[in-house]
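To keep things clear, I will list the structure first and then write my remarks on it.
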């Protein structure tokens with residue numbers, strides 16, 4: 001499926017629209033609260049709650065899911081993922097297509113978003129294409145005092161805390177790097193930690209029409225939240241059995 005194809009919007013009103021318009025011009029950078037970025041998370045899950053099959057998301061994703069995913073990447077200053085996700089999904093440069101880079105530039109963004117990760121151990125997947133690319137800056141949030149592995153473009157931002165404070169990390173990204181909108185792409189442990197820290201504003205959730213029944217596969221959240229978090233549904237899209245749901249979190 002290409003960006004010229006259509007998608008069915010179920011909410012807030014029932015209509016067919018071009019896929020390219022589905023998540024266009026969300027105005028995410030303008031939503032930034034004082035002192036931190038506006039954070040949206042994007043995850044995919046099976047109908048029975050599995051966030052991966054065989055450790056990867058590709059088996060439960062779709063062409064439309066991937067197009068919407070890239071459209072979200074086009075609208076943020078930074079993209080954040082956990083080190084395990086970067087390694088397992090073999091992350092490379094975040095925006096490689098010249099048309100997508102052009103749309104970012106036209107919107108007043110850098111052609112390539114800043115890559116961000118968080119690590120308590122500083123065990124980084126430096127062999128991944130993302131870390132190996134000198135044109136892909138990567139900011140690593142950590143509270144470790146270990147020596148960091150050498151990789152081109154990597155900046156280590158250390159905290160002098162016993163635990164990694166993600167709220168402090170978000171404030172640093174806003175102040176030092178000018179990040180107004182950040183896309184969080186998982187994994188499940190990092191997403192749970194960010195929600196527990198009350199740092200996630202929206203969740204874009206792709207629901208695949210498959211039941212996996214697979215033991216050992218994670219859900220979209222792995223870790224404590226303290227208290228359950230209510231969400232409000234903003235929009236719902238449908239394509240070939242896949243549902244694409246956009247929620248705002250009500251705990252911020």
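The values are calculated or read from the model by the stated rules, or taken from the named source; none is laboratory data. Please read all numbers here as calculations on a predicted model, not as lab measurements. When we count neighbours, we look across all protein chains shown, and the Cβ atoms used for this are built from the backbone with ideal geometry, even at glycine.
In the set (1) more than 18 Å from residue 82 (Cβ to Cβ); (2) modelled with pLDDT under 95; (3) crowded, with 16+ Cβ neighbours inside 10 Å, residue 208 fails one condition alone, (2). Exactly one residue among 168, 183 is touching a strand residue (DSSP E or B) at 6+ places or on another chain (Cβ under 9 Å) and free of Cβ contacts under 8 Å to residues at least 12 places away in the same chain, and that residue is 168. May I ask you to list the residues in the stretch 55-64 that are touching a residue at least 60 places away in the same chain (Cβ under 8 Å) and either farther than 20 Å from residue 191 by Cα or surrounded by fewer than 22 Cβ atoms within 10 Å (Cβ to Cβ) (or both)? The answer is 55, 61, 62, 63, 64. Taking the stretch 23-39 as the range and being farther than 16 Å from residue 114 by Cα and in contact with a helix residue (DSSP H, G or I) (Cβ under 6 Å, 6 or more places away or on another chain) as the test, the residues that pass are 23, 35.
One residue alone among 72, 68 is under 20 Å from residue 111 (Cβ atoms) and in contact (Cβ under 8 Å) with a residue 24 or more places away in the chain, and that residue is 72.
Picking from residues in the stretch 177-225 that are assigned to a strand (DSSP E or B) and over 18 Å from residue 250 (Cβ atoms), the one that is farthest from the chain's Cα centre (by Cα) is 208. Restricting 119, 105, 144, 62 to those that are farther than 25 Å from residue 193 by Cα and touching a strand residue (DSSP E or B) at 6+ places or on another chain (Cβ under 8 Å) reduces the list to 62.
In this structure, does residue 173 turn out to be under 24 Å from residue 77 (Cβ atoms), under 19 Å from the mean Cα position of the chain (by Cα) and crowded, with 16+ Cβ neighbours inside 10 Å? The answer is yes for residue 173. Of all residues being modelled with pLDDT of 95 or more and in contact with a helix residue (DSSP H, G or I) (Cβ under 7 Å, 6 or more places away or on another chain) in the stretch 222-239, which is nearest to residue 13 (Cα to Cα)? Just the residue, please. Filtering first and then ranking leaves 237. Only one of the numbered conditions (1) free of Cβ contacts under 8 Å to residues at least 60 places away in the same chain; (2) surrounded by fewer than 22 Cβ atoms within 10 Å (Cβ to Cβ); (3) within 24 Å of residue 74 (Cα to Cα) is violated by residue 146, and that is (3). Against the criterion of being exposed (fewer than 14 other Cβ atoms within 10 Å of the Cβ) and without any contact (Cβ under 8 Å) to a residue 60 or more places away in the chain, residue 35 does not qualify.
Among the criteria (1) over 20 Å from the mean Cα position of the chain (by Cα); (2) closer than 27 Å to residue 52 by Cα; (3) exposed (fewer than 13 other Cβ atoms within 10 Å of the Cβ), the one residue 122 does not fulfil is (3). Of all residues in the stretch 241-252, exactly one satisfies the criterion of being farther than 13 Å from residue 46 by Cα, modelled with pLDDT of 95 or more and in contact with a helix residue (DSSP H, G or I) (Cβ under 9 Å, 6 or more places away or on another chain), namely 249. Taking the criterion of being out of contact with any helix residue (DSSP H, G or I) (no Cβ under 8 Å at 6 or more places or on another chain) and assigned to a loop (DSSP other than H, G, I, E, B), the residues of the stretch 128-152 that qualify are 133, 134, 135, 137, 143, 144, 145, 146, 147, 148, 149, 150.
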